[in-house]
Amino acid sequence: MANKTDELVDFGYQEWKKHLDVMITVKPGWVNVLFIVVMVVTFVLSVCGNLLTCVVIYCDKRMHTAINYYLFNLAVVDLLVAFSGILLDLDGFINYPFDFNGLGELVCKVHHFFVATLWNTDVLTITVLAIERYIAIFHPMLLNKKPAQKRVAKIICLIWFIAMLETLPETWTVELIRSSRFSICCFVPTRFTKLISGILCLVTFIIPLGIMVFVYTMVAFKVKSAQSSYSRAEIFNHRNNSSKVNKLTAAMTVSFVVCWLPFFAIRIVFAVELYRYWAIQYWDLMMLLTSFSSRFSIVLNPLLFSLISTKFRRALKNLWNTKIKRHRASRSLIV
């Protein structure tokens, strides 16, 4: 234990504790109320939207496609984030800055590992969606060699495994820091933290974003070049169908940037030690923005999926007419 403490002191533990003393402030009452209201609304919308996505995809066999299997996995991840992330965030925010008061360091690390694994799974799933779209358009024969269900199941298992591998090193950079003014679980800016933050910036944001931009740029060129071989009516239909499919994944890419850019910025802060210069004044704002934006993605994903996908809306309408309405009608006859 002494060696661990000495190591942390050498690499900025005490300095970071002094920074926290300055950065952690008592928030105005209206900020607390606003944050709690926003998080409660986010929780309700997320549970409704993602549960609806899971039910529609599960119940309608026509929705059993590779893309929708990934979206089902994404909805499950978002539901887990809603229950394990938002509810714990609310509890921590209400008790802030003593959100881990009475809890041990093991609880701190396990909590971070679980939530960060869900974040990484979310990022990897959206990235794989883009890759799947690219292969379906440019190399469709590769997807016909194996049944979609088995292939996607293996990829989803691999996504979860990689997400846990990505999270494990970062878990060791998180410590439970206590003082007379606070008791919080956060990163400690050691040399190892800087290295891991830099690597994760590349792996969980820059590379996925690069893949998505490349895929949708190539898809746009493919659609444009294909239009020359169609008649006017065919061009219209082809363009309409292609844009509907690609809008879904492209919109999720935009949501990825909007929702995860603040979290990427936090990692940059630790990777290049920006906290030494300007993060003190903006720490609370950065943490609130990061917490909200990363949680907002669990509402935005099913919302985009429902709004953009005509097939989804048709399946939802069919589910309502054939099962929910019929069930209600049968119950009324019995009564």
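Nothing in this text is a laboratory measurement; each read-out follows from the coordinates by a stated rule. Note that the structure is predicted; figures quoted are calculated from it, not measured. FYI the Cβ positions are ideal-geometry reconstructions off the backbone, even for glycines, and counts take in every protein chain you see.
For segment 287-293, putting each phi into the Karplus relation 6.51 cos²θ - 1.76 cosθ + 1.60 with θ = phi - 60° gives couplings of 5, 5, 5, 5, 4, 5, 5 Hz, in residue order, rounded to whole numbers and with x for Gly and Pro. Using a cut-off of 23 Å between Cα atoms, the listed pairs 61/154; 109/150; 17/194 include 109/150 as exceeding that distance. Along segment 147-158 the Karplus relation, 6.51 cos²θ - 1.76 cosθ + 1.60 evaluated at θ = phi - 60°, assigns HN-Hα couplings of x, 4, 4, 5, 4, 5, 4, 5, 5, 5, 4, 5 Hz to successive residues, with x for each Gly and Pro. A cut-off of 5 Å between modelled amide H atoms, ignoring neighbours fewer than 5 places along the same chain, links residue 183 with 98, 99, 100. Size descriptors for segment 103-198, from the alpha-carbon set: Rg then Dmax equal 18.5, 63 Å. The ranking of 175, 15 by Cβ neighbour count inside 10 Å, starting from the fewest, reads 15, 175.
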